[in-house]
Amino acid sequence: MFLSLEAGGRSSHILHESGRRHFWQGAGALSIKSFTGGRALYDVGGGRFAVDDRSYLVLNEGQTYSITVDSRSPMESFCIFFGSGLAEEVERSLIAQPGLLLDDPSDASPAVRFFERTYPHDEMLSPALFRLRETLARGRDDSAWLEERLHDLLERLLRVHRGARAEADSLASLRRATREELYRRLHRARDHVAASLEGRLTLEELGRVACLSPNHLLRSFRQLFGQTPHQYVTERRLERARELLIRTERPVTDICLDVGFESLGSFSWLFRRRTGISPEGYRRGAASRER
């Protein structure tokens, strides 16, 4: 399903599709990308983003990117593309003094640049996103109602953005612009990790993705996320391994290599250390709980 909404001289779009394979590249509008039943990979500049059931991705207007979907089973996409200038209109309505809104309701506002990163599904934006997806799937698509929903989504996205700016303020820097740029680069590195677990990840590579020196990346990553890049890589690999043990019947050795561990012995030792049980025991326990 592809819906287009023309309102106020702006064109917004909603893409709601299902499939196993897809590729597209180009520049897009301000957008929210979400997927269920699989994982989509986005290449954006020098970094990669993986979007799955647990997260949504925000990309700014004019950003060039490519998307690749290659799934063994059908997965569902639900992506919102906002018309140019709509975010600025909504932002102004939230922050401008009431008198200014009355005197000139159409006054231009500075461009809003969101942090391009994956966001875990939350209590602010995600419920509205899910409700919109479900309602559209039932066939409702009248334009007045849809326009209101898009305004509501942008209000929620702007609140999420303010929360991210508060996180950026925790970084040590004299200037807000510097803190926010560092925040963007650190999240680009972390998202790259989550999208590249099967490969060998080094501080040098992550530094290139973030355009930071390895030592600067290490210190700042630990400051913002409370763990080193290596600790985060290990955590995500084990998390992915647990998912594959539950959802698939693939051999433990294959799963070990798929998530980026170099040997079955080190993987099994670390898995047992973190969970208190072997990978095979974890799989058997999950299967018995489902019965």
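What follows is calculated from the coordinates using simple rules that are stated; it is not laboratory data. All of these numbers come straight from a predicted model, not from anything done at the bench. Please note: Cβ atoms are built from the backbone with ideal geometry, for glycine as well, and neighbour counts cover all protein chains shown.
For helix 126-137, report the angle its Cα long axis makes with the longest principal axis of the Cα atoms of the chain; keep it between 0 and 90° and round to the nearest 10°.
Approximately 80 degrees, to the nearest 10.
So if R0 is 51 Å, what FRET efficiency would Thr234 and Glu148 give, r being the distance between their Cβ atoms, rounded to the nearest 0.05?
Between Thr234 and Glu148 the formula returns 0.70.
Once label points are set 7 Å from the Cα along Cα→Cβ at both Gln227 and Thr275, what is their separation, rounded to one decimal in nm?
Here the modelled spin labels are 1.5 nm apart.
Just the Cα atoms of the chain, one point each, no solvent: what log10 I(q)/I(0) does Debye give at q = 0.07, 0.13, 0.17 Å⁻¹?
-0.31, -1.01, -1.46
Using a/c under 1.5 as the rounded threshold, could you call region 148-275 rounded, prolate or oblate? The axes a ≥ b ≥ c are square roots of the C-alpha gyration tensor eigenvalues, and prolate needs a/b larger than b/c, oblate otherwise.
Oblate, since a/c reaches 1.5 and b/c is not below a/b.
What size of dipole, in debye to the nearest 20, comes out for region 133-274 about its Cα centre when the only charges are +1 on Lys and Arg C-beta atoms and -1 on Asp and Glu C-beta atoms?
I would put it at about 580 debye.
What angle, in degrees between 0 and 90 and rounded to the nearest 10, separates the Cα long axis of helix 176-195 from the longest principal axis of the Cα atoms of the chain?
50
Treat the count of other C-beta atoms within 10 Å as a stand-in for reagent exposure and order Asp52, Asp142 from fewest to most.
Least to most surrounded, the residues fall as Asp142, Asp52.
Charges on Cβ only, +1 for Lys and Arg, -1 for Asp and Glu, centred on the Cα centroid of the chain; of Ala210, Pro127, Cys256, which one is farthest towards the dipole's positive end?
Cys256
Specify the angular offset, from 0 to 90 degrees and rounded to the nearest 10, of the alpha carbon long axis of helix 214-225 from the longest principal axis of the alpha carbons in the chain.
70
Quickly work out the Glu198-to-Arg113 label distance, labels modelled 7 Å from Cα along the C-beta direction, and quote it in nm with one decimal.
3.4
In percent, how large is the relative contact order of region 116-183, given Cα pairs closer than 8 Å and 6 or more residues apart?
It comes to 28 percent, rounded to a whole number.
Net charge near Ala172, counting Lys/Arg +1 and Asp/Glu -1 over other residues with Cβ under 15 Å of its Cβ?
Summing Lys/Arg as +1 and Asp/Glu as -1 gives +2.
Only Cα pairs under 8 Å and at least 6 apart count here; give the relative contact order of the chain as a rounded whole percent.
14
Rounded to whole Å, give me the distance from the Cα center of region 130-199 to that of region 17-92.
Each part's Cα centre sits 12 Å from the other's.
Under the Karplus relation 6.51 cos²θ - 1.76 cosθ + 1.60, θ = phi - 60°, what is the ordered set of whole-Hz ³J(HN,Hα) values for region 156-162, x standing for Gly and Pro?
Per residue, the Karplus-derived 3J(HN,Hα) values read 5, 5, 5, 5, 4, 4, 5 Hz.
Note down the nm distance, to one decimal, between modelled labels 7 Å out along Cα→Cβ at Ser66 and at Arg219.
Those two pseudo-labels are separated by 3.6 nm.
Ordered by packing density, taken as the mean number of other Cβ atoms within 10 Å over each peptide's residues, highest first, how do 29-41, 263-275 rank?
29-41, 263-275
List the relative contact order of region 176-226 as a percent without decimals, with contacts defined as Cα pairs under 8 Å and 6+ residues apart.
Relative CO of region 176-226 lands at 33 percent.
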